[in-house]
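Accompanying notes for the structure given below.
The values are calculated or read from the model by the stated rules, or taken from the named source; none is laboratory data. Since the structure is predicted, the reported quantities are computational estimates derived from the model, not experimental observations. FYI the Cβ positions are ideal-geometry reconstructions off the backbone, even for glycines, and counts take in every protein chain you see. To get the accessible areas, we keep the full protein, side chains included, count just its heavy atoms, and leave off ligands, DNA and RNA. Shrake-Rupley method; radii C 1.70, N 1.55, O 1.52, S 1.80 Å.
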Amino acid sequence: MIRVENLTVSKSRKKNQYILSNLSINFEDPKNVIIGPNGSGKTTLLKAILGIIKYNGEIKCYFEGKKCNFATNLDLVYRLYNDSVNNISKLYINMIGGDYNQFKNIIETFKMTRILDTKIYKLSTGETKIFGLAMAYSLNADYILIDEPTENLDPSRRELAERLIEQFVSKRYLLVTHDLKLLKKLRPNRFFIMISGKIYGGFDPSIFDRLFISREGKGNYIAEIQGGFSKYYLSLDSGDFPLSSFSSIEEILGGE
Amino acid sequence: MIFTPNLRSILKSRPIWLWGISFVVFWLFMGVFVFASDYSIPKNMLHEYAGVWFALDSIISVSAIGVTMSYSIYFSSNSLAYLFRNSKMSPLRYYLETMASAGVAFVILGSILMLITGIFFYIKFHIFELPNLIAYSIVLFFISGIIFYSMAATLVIVFNNWLGLRNINFISFISLFLGMGFGYTALYSKLPSNIMYGNFITPLEYLYVYSFDSKTPTSVLVNPYSEPIKLNLAILSIFIWTIILMLLAIFTIKNIKGSYIEEARMT
């Protein structure tokens, strides 16, 4: 379980401006997805859990009685040296534990073997994404933290990435995305909605197709979500628009 | 675990070969073939002359390594923060291995400088000038690497973690400014004793001179008649500074946080 208590992350050098403010949430189930628009604080939450940014509050993760370790697809944690992908992957697998053959197989599946001899700082954005995914899946970690796994990938590789993530069935993960279609494909144990640094849920994905979003809170709603300027209400079986009719959270918020 | 990749990373770094070797070799060339041309250097002073250039160039070279190490630590800060929490690499182990690799790297680079010094003096004066106490010089190379690496690590992490560093350029060049500042000052001026022994660069420079001609250096290196330095104080100063900088580096590395860079493509 990952427990987050009163997590606050402020913007650099700016007082009283927070990316996350007193955020408290427990990720009790093994497979979790957070959906949210750009700028909602999803990646910041992952970075705080990884321990690579300053924060106030408490983050605890225990698995089978001991402190968790994490793997991630965020490439910024794999930049220890400006060395080739091959050497970097071997070094990290040596330090954390993992399977180099699995890493290589994933790279080959994406038809990206050319990046093995490329220096890590010279990878393109898409290549970096694939490298990150391959590392996340190949390292021995209690939890995998995945940030926007299919962004910047061409359509064929996007499909490969989605299939790879579906293979995470044996792993514990926390995945953040703004792509609602990806949520439907993954079928996690729980999903959460994150907007403007606030998190709502966890909802059972089986109710996803029954969820509606409305501008006014009619009847029993299961969550009140604060967008940029407006409030939205999440309800079951009735409302203004079915959540499944949107492809991303940004569509719902309409640019707020 | 990371001793070898770190050593390889330092030795393959283009800025190190540019600023730590080529730039210094240029000044060595000037010292041997240009500055020495306007007046003749008595043969009995040639070894001392070579020793002063060797000392100055070693200081500037190792301070250039400090610049490169600053960039390296800054751009790997996210990775380090991640690895200390999620892998079997501890901050202490990371520091000890990188410190050792910085020391060994400067033994290699310093030895190259030493050889080039000998070659240049041989071409000009037909005498292959090398340190009298080569082993002493090599130990100094190793200690210099440790000191400048520890200082670079401490400065970058303090500025990144606590002072909100956004631009690495100025901070990374502090070691070069200090190296050149104190390095050239010791050539021409006698610093007050508390400053002379209170910094780690001037005593290092004096010890390099000592390793070259095995004579106690004078406080003004170009003036053989100026007051000789106190070698014991110089050694004590280096010893104390090494301990202080090592402890500071270990503490700051343990508390490293990621830097706010989104893109850090290095050539």
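Descriptive notes on the structure:
- Interface residues of region B:1-27, defined as those losing at least 10 Å² of solvent-accessible heavy-atom surface relative to the isolated chain (probe radius 1.4 Å), are listed as B:Met1, B:Ile2, B:Pro5, B:Asn6, B:Arg8, B:Ser9, B:Lys12.
- Taking each DSSP H run with n ≥ 4 as -39500 (n - 2.57) and averaging over every residue of chain A yields -8000 deg cm²/dmol at 222 nm.
- Using a probe radius of 1.4 angstrom, the carbon and sulfur fraction of the accessible surface of region B:165-267 is 66%.
- Cα Rg, Dmax, chain B, angstrom units: 18.9, 63
- Dipole of region A:70-140, positive end: most advanced residue of A:Val85, A:Tyr100, A:Ala136 [Cβ charges, Cα centre]: A:Val85
- Straight-distance candidates among the lysines for linking to B:Lys190, with alpha-carbon spacing under 26 Å and chain neighbours fewer than 8 residues away dropped: B:Lys43, B:Lys215, B:Lys230.
- Chain B - mean residue ellipticity at 222 nm from DSSP helices (-39,500 (n - 2.57) per run, n ≥ 4, rounded to 500): -23000 deg cm²/dmol
- Partners for B:Lys257 among aspartates and glutamates (Cα-Cα distance below 17 Å; same-chain residues under 8 apart left out): A:Glu58, A:Asp75
- Helix axis angle, B:231-254 relative to chain B longest principal axis, alpha carbon, degrees: 20
- Largest-first principal axis extents of the Cα set of region A:1-53 (Å): 35, 22, 18
- Folded to 0 to 90 degrees: helix A:85-96 orientation relative to chain A principal axis, Cα: 70
- By average C-beta atoms within 10 angstrom, highest first, the peptides A:57-69, B:217-229: B:217-229, A:57-69
- Once both labels are positioned 7 Å from their Cα atoms along Cα-to-Cβ, the gap between B:Ser189 and A:Glu58 label points is 5.6 nm.
- Within the protein assembly as shown, the percentage of alpha carbon pairs spaced more than 42 angstrom apart rounds to 34%.
- Average partner coverage of A:80-87, which counts Cβ from other chains inside 10 Å: 5
- Accessible area buried at the A-B interface, both sides summed, 1.4 Å probe (Å², nearest 100): 2800
- Sparsely packed trypsin sites (Lys or Arg not before Pro) within region B:1-60, loop by DSSP, other Cβ within 10 Å at most 15: B:Lys12
- Label-to-label distance, nm, for residues given as A:Glu216 and A:Asn38 (7 Å Cα→Cβ offset): 3.4
- Kirkwood Rh and Cα Rg combined as Rg over Rh, evaluated for region A:70-140: 0.90
- Other protein chain C-beta atoms within 10 Å of residue C-beta, averaged over A:91-97: 5.
- Only Lys, Arg (+1) and Asp, Glu (-1) charged, at Cβ; region A:70-140 dipole about Cα centre in debye: 140
- When the surface is traced with a 1.4 Å probe over the full set of protein chains, B:Ile143 keeps roughly 50 Å² accessible.
- Between helix A:155-166 and chain A there is an angle of about 80 degrees, using the helix long axis and the longest principal axis of the Cα atoms.
- DSSP bridge orientation in the protein assembly as shown - percent antiparallel, rounded to nearest 5: 65
- A run of chain B free of exposed loop cleavage sites, with GluC sites (Glu not before Pro) counted only in DSSP states other than H, G, I, E and B and at most 12 other beta carbons within 10 Å, reaches its longest extent at B:1-261.
- Aspartates and glutamates whose Cα lies under 12 Å from that of A:Lys185, excluding same-chain neighbours fewer than 8 positions away: A:Glu159, A:Glu162, A:Glu166
- Spherically averaged projected area of the convex hull of Cα atoms, region A:137-256: 8.0 nm².
- Solvent-accessible surface of protein heavy atoms, probed at 1.4 angstrom with all chains present, puts A:Glu151, A:Glu216 in the order A:Glu216, A:Glu151, largest first.
- Accessible area of region A:70-140 belonging to carbon and sulfur atoms, whole % at 1.4 Å probe: 41
- Orientation-averaged projected area, Cα convex hull of region A:24-153 (nm²): 8.6
- In the context of the full set of protein chains, residues of the protein assembly as shown present 43 Å² of accessible surface per residue (probe radius 1.4 Å, heavy atoms only).
- One chain, two ends: A:Gln102 and A:Asp237. Fully extended at 0.36 nm per residue, the span grows by 44.3 nm beyond their Cα-Cα distance.
- With Rh defined as the Kirkwood radius, the inverse of the mean 1/r over Cα pairs, the Rg/Rh of chain A is 0.98.
- Shielding by other protein chains, A:53-64, mean Cβ within 10 Å: 1
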